[in-house]
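Remarks on the structure that follows.
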Ligand code: 4NP
């Protein structure tokens with residue numbers, strides 16, 4: 001079964017939203033897919049998503065009951081795709097990935113309408129509007145990701 005790991009910094013805002021949205025779409029479309037998320041940082045291990053991410057996700061029909069965990073080296077073997085929310089996450093992942101670095105993508109690369117190297121900005125110090133913007137970016141990218149999945153998940 002194809003597998004995707006979403007990665008942000010804390011694993012409480014952006015990557016759990018991406019996990020929830022891709023899980024929802026896979027379920028709705030009947031696509032077998034393993035989906036998980038993790039953080040490059042260790043600050044929030046074991047926590048539920050931020051209440052603002054939960055509000056945005058549940059309003060969009062997503063289950064938001066996942067618990068934060070940190071990225072581990074075995075993730076680069078276990079997942080077909082490791083999808084970073086921003087360039088800093090991607091740099092940290094590339095440093096950890098060794099020979100599996102080709103599995104790493106930036107989320108918004110999957111959105112054909114997004115500019116080159118577009119990031120999902122950290123909404124942690126923002127308000128509800130930032131969380132809505134983030135969710136909309138993720139929805140568009142997940143749509144594109146499912147189109148690529150239909151073509152067999154090229155890593156580049
Ligand atoms: P995330 O957001 O990386 O989208 O989960 C953040 C959550 C927590 C912190 C930073 C970003 N923090 O500094 O605690």
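Throughout, read-outs are computed from the coordinates displayed, never taken from laboratory work. Model, not experiment: these values are computed from the prediction. Glycine gets a Cβ as well: all are built from the backbone with ideal geometry, and neighbour counts include every protein chain shown.
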Inset, instruction - Compute log10 of I(q)/I(0) for region 30-90 with the Debye formula, placing one identical point scatterer on every Cα and leaving out solvent, at q = 0.12, 0.15, 0.22, 0.29 Å⁻¹, to two decimals. - result: -0.36, -0.56, -1.12, -1.28
Legend entry - Ranked by how many other beta carbons lie within 10 Å on average, peptides 77-86, 13-22, 47-56, 126-135 from highest: 13-22, 77-86, 47-56, 126-135
Inset, instruction - Would you work out if region 95-145 is rounded, prolate or oblate? Take a ≥ b ≥ c from the square roots of the eigenvalues of the alpha-carbon gyration tensor; rounded if a/c is under 1.5, else prolate when a/b is larger than b/c, oblate otherwise. - result: oblate
Inset, instruction - Would you mind classifying region 65-151 by shape? Square roots of the alpha carbon gyration tensor eigenvalues, ordered a ≥ b ≥ c; an a/c under 1.5 is rounded, otherwise it is prolate if a/b is larger than b/c and oblate if not. - result: oblate
Legend entry - the chain, relative contact order [Cα under 8 Å, separation at least 6], %: 25 percent
Legend entry - Volume per residue of the C-alpha convex hull in the chain, rounded to whole Å³: 102 Å³
Legend entry - Shape call, region 1-71: gyration tensor on alpha carbons, a/c limit 1.5: oblate
